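Everything on this sheet refers to the single structure shown next.
The values are calculated or read from the model by the stated rules, or taken from the named source; none is laboratory data. Small disclaimer: the values here were computed from a predicted structure and weren't measured. Here the Cβ positions follow ideal geometry from the backbone for every residue, glycine too, while neighbour counts run over all protein chains shown. Just the protein is used for accessible areas: all its heavy atoms, side chains included, with ligands, DNA and RNA removed. Shrake-Rupley method; radii C 1.70, N 1.55, O 1.52, S 1.80 Å.
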Amino acid sequence: MSQFPLRGLAGLAFIACITTSAFAAPPEYTTITMEIEVAKPASEVWAKVGGYCDISKWLNLDCNITRGDGGIGTVRVLAGGRVSEILVGKTDLSYGYTQPVKEGEFYSLYHGFMEAKPVTKKTSKIVYTLIYDVSDKPDQVTKDADIARRRGLFEAALRKMKQLAEQ
């Protein structure tokens, strides 16, 4: 007989935890980097589209700051509360954010990073990068479709940002 027998519900919970962990897919991080050239200096571009809730202008989502003052740690809530994002990095011409864990849902470690990059004194480019885990998708076709959907959404947002910045 074992020195540490597994008994009752505690034993079943332990076995369920071990079994679930054993069959979880390893993380499969994907990175999507998109960019668009803009005929304005980076500082002017950022002034028009780089605010943390400016996403409402170029992605057509409602945005509310629920915590913070615009610095690191600021929380924005999008799409009627369906999405929360926490500001985790910021410079004069960029910011990075993450989406937190939601209880009972797969955690994709979703992060986004947006920056206005100077190219010349009069031109710049906006670079938007996403990174997240696609290991919850059942097959490559589904993973590719998810990546294509996100790329399409954010490339449209980049075109809108360019339009706003060049006005």
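By the scheme Lys and Arg +1, Asp and Glu -1, what is the net charge of all other residues having a beta-carbon under 11 Å from that of VAL38?
After counting each charged neighbour, the total is +3.
Can you compute 3J(HN,Hα) from phi for each residue in the stretch 130-137, using the Karplus curve 6.51 cos²θ - 1.76 cosθ + 1.60 with θ = phi - 60°, rounded to whole Hz and x for Gly and Pro?
Using θ = phi - 60°, the values come out as 10, 9, 6, 8, 9, 5, 7, 7 Hz.
Based only on the alpha carbon positions, what is the Kirkwood hydrodynamic radius of the chain, in angstrom?
One decimal place: 18.2 Å for the Kirkwood radius.
What list of ³J(HN,Hα) values in whole Hz, one per residue of the stretch 73-80 in order, does the Karplus curve 6.51 cos²θ - 1.76 cosθ + 1.60 (θ = phi - 60°) give from phi, with Gly and Pro shown as x?
Each residue of the stretch 73-80 in turn: x, 5, 10, 10, 10, 10, 6, x Hz.
Which lysines does LYS90 reach when only Cα atoms under 19 Å apart count, and residues fewer than 8 places away in its own chain are ignored?
Leaving aside lysines fewer than 8 places away in the same chain, those within reach of LYS90 are LYS48, LYS117, LYS125.
What is the sum of charges around THR120, taking Lys and Arg as +1, Asp and Glu as -1, for the other residues whose C-beta is under 14 Å from the C-beta of THR120?
Once positives and negatives cancel, what remains is +3.
Hey, can you grab everything whose amide H is under 5 Å from the amide H of LYS125? Only 5+ residues off in sequence or another chain; H modelled, so Pro and N-termini drop out.
Under 5 Å from the amide H of LYS125: VAL38, LYS117, VAL119.
Rank by packing, highest mean first: peptides 155-166, 130-141, 24-35, with packing defined as the count of other Cβ atoms within 10 Å averaged across residues.
Descending packing order for the listed peptides: 155-166, 130-141, 24-35.
May I ask you to evaluate 6.51 cos²θ - 1.76 cosθ + 1.60, the Karplus curve with θ = phi - 60°, for each residue of the stretch 108-118 and list the ³J(HN,Hα) values in order in whole Hz, giving x for glycine and proline?
Taking θ as phi minus 60°, the curve returns 8, 6, 4, 9, x, 9, 10, 8, 9, 10, x Hz for the stretch 108-118.
What percentage of the solvent-accessible surface of the chain, computed with a 1.4 Å probe over protein heavy atoms, is contributed by carbon and sulfur atoms?
Roughly 58 percent of what the probe reaches on the chain is carbon or sulfur.
Enter the angle in degrees (range 0 to 90, nearest 10) between the Cα long axis of helix 8-23 and the first principal axis of the Cα atoms of the chain, meaning the one along which they spread out most.
50
Evaluate the relative contact order of the stretch 70-160 (contact order divided by residue number), counting alpha-carbon pairs under 8 angstrom at least 6 apart; express in whole percent.
Taking the mean separation of contacting Cα pairs over the length of the stretch 70-160, I get 16 percent.
Which of the trypsin sites (Lys or Arg not before Pro) found in the stretch 32-77 are loop residues per DSSP with 16 or fewer other Cβ atoms within 10 Å of their Cβ?
none
Apply 1/(1 + (r/R0)^6) to the Cβ-Cβ distance of VAL83 and ALA148, taking R0 = 22 Å, and write down the FRET efficiency to the nearest 0.05.
Taking R0 as 22 Å, the efficiency between VAL83 and ALA148 is 0.65.
Out of the stretch 60-138, which GluC sites (Glu not before Pro) are coil in DSSP terms and have no more than 16 other C-beta atoms within 10 Å?
GLU103, GLU105
Counting only C-alpha contacts under 8 Å and six or more residues apart, can you give the relative contact order of the chain as a whole percent?
In percent, rounded to a whole number, it is 28.
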